[in-house]
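The values are calculated or read from the model by the stated rules, or taken from the named source; none is laboratory data. The shown structure was predicted, so the numbers you read here are calculated from the model rather than taken from an experiment. Cβ placement follows ideal geometry from the backbone for every residue including glycine, while neighbour counts extend to all protein chains displayed.
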Amino acid sequence: MAIYTDVVARAQEQFLEALERAQDRSVGVIESAGRVAAGIVPARLLTRRLDGAVPPEEVVKLTLGFSERLISQQRHYAERLVAAVGSAGSEARSARTRPPASRAAARPKASSTRSDGATGKRATTAGTTAAGS
C-alpha cells in the first residue's frame, strides 16, 4: 500500500509543479505583453471594453468558489461512500463468523388463538379429527 501512495503522491506533486511553471510562464507573457502594448497603444483602447464588464476578480471568485464547493461536496461524498463500504464489509465479515440461526427459531410459531374453532388438529377424510375427537 505504501508503494501505491508514494507513487501517487509523487505523480501529483510533479503534476502540480509542472502546472505552476506553466502558469508562471503564462502570467509572465501577459505582463510582458501589457508592458509592450502600453508603450504602443493608448490605455483607453486597451481598457474600454472592460469598463462595463464584470471585474475579473469577481469572475475568479465565482468560478473557483463554485469549484471549491464542488470538490468539498465530492470529498464528503467519497468519505461517506468509503465509510458505508467499510461498514458493509465489517457487517458481512461478522455475519460469517456468527453461528447460523436454527430454522425452527426463524419460523413463526403457530398462534393458539384460531378462529372458527380450529384447534390445530388435522382433519381426516371422514370429517373427524386425527387426534381422536
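Does any residue in segment 18-42 that is of a type in the set (D, E, K, R) come within less than 6 Å, Cβ to Cβ, of a residue that is part of a helix (DSSP H, G or I) six or more places away or on a different chain, and which pairs are these?
Taking only residues 6 or more apart or on different chains, not a single pair turns up.
Checking the conditions here, which among V60, V85, V54, V36 is at pLDDT below 95 and outside any helix (DSSP H, G or I)?
Answer to the selection: V54.
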